[in-house]
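Participant: Got a structure here, written out as C-alpha cells. Questions coming.
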C-alpha cells in the first residue's frame, strides 16, 4: 500500500512537471522566458518544442505511474518489473533535466527534480528487495 502511495505521489509530481513544461512551451517566445533561458542559448532558441516534448514525456510517466500503482495494489509482477524500470528511467531523466535546465527549482519539493529522484529511488530500491520480489511472484500465477 505504501509503495502504491509513493508511486501515486511520483505520478502527481510527473503530472505537475508535465503541466509546467506545457506552460513554459506555450510561453517560450515571451521576453521573460527567453531572458531566464539566456544561460543556454540553444535551449532558448528551441524552447517551445523542447519543453513541449518534455511535457509529453512527463505526461506519459504520470500515466504509467498511476497504472503501476494499481498493479502494485493488486500484486502483479509485471507492475513490479516495469515500475522499477520506469523509476530508474525517471531518475536518469531528472538528472538530465537538472544538468541541461539549471533554472528549474532546486529545492526538494513537488515540482522539483530532486523530489523525482528521491521518490523514484525509494521505489526502485524497494522493488528490488528479495522479499518484495517473492511477494509479487507469489501473487502472479
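Participant: Those residues that are over 22 Å from residue 55 (Cβ atoms) and at pLDDT below 80, I need them from the stretch 109-141; list them, please.
Facilitator: Scanning the stretch 109-141 gives 140, 141.
Participant: Are there any pairs, at least 6 apart or on different chains, whose C-beta atoms fall under 6 Å, with the first in the stretch 1-23 and on the phi < 0 side of the Ramachandran plot and at pLDDT 90 or above and the second surrounded by fewer than 19 Cβ atoms within 10 Å (Cβ to Cβ) and part of a helix (DSSP H, G or I), and if so, which?
Facilitator: Listed pairs, sorted by first residue: 18/59.
Participant: Quick one: would you say residue 99 is modelled with pLDDT of 70 or more and under 17 Å from residue 64 (Cβ atoms)?
Facilitator: no
Participant: Looking at 69, 31, 60 in this structure, which one is without any contact (Cβ under 8 Å) to a residue 12 or more places away in the chain and under 17 Å from the mean Cα position of the chain (by Cα)?
Facilitator: Details: 69 fails: without any contact (Cβ under 8 Å) to a residue 12 or more places away in the chain; 31 fails: under 17 Å from the mean Cα position of the chain (by Cα).
Going through 69, 31, 60 in turn, just one is without any contact (Cβ under 8 Å) to a residue 12 or more places away in the chain and under 17 Å from the mean Cα position of the chain (by Cα): 60.
The values are calculated or read from the model by the stated rules, or taken from the named source; none is laboratory data. Predicted model only: the values in this text are computed from it and were never measured. With ideal geometry, Cβ positions are generated from the backbone for all residues, glycine too; neighbour counts draw on all protein chains shown.
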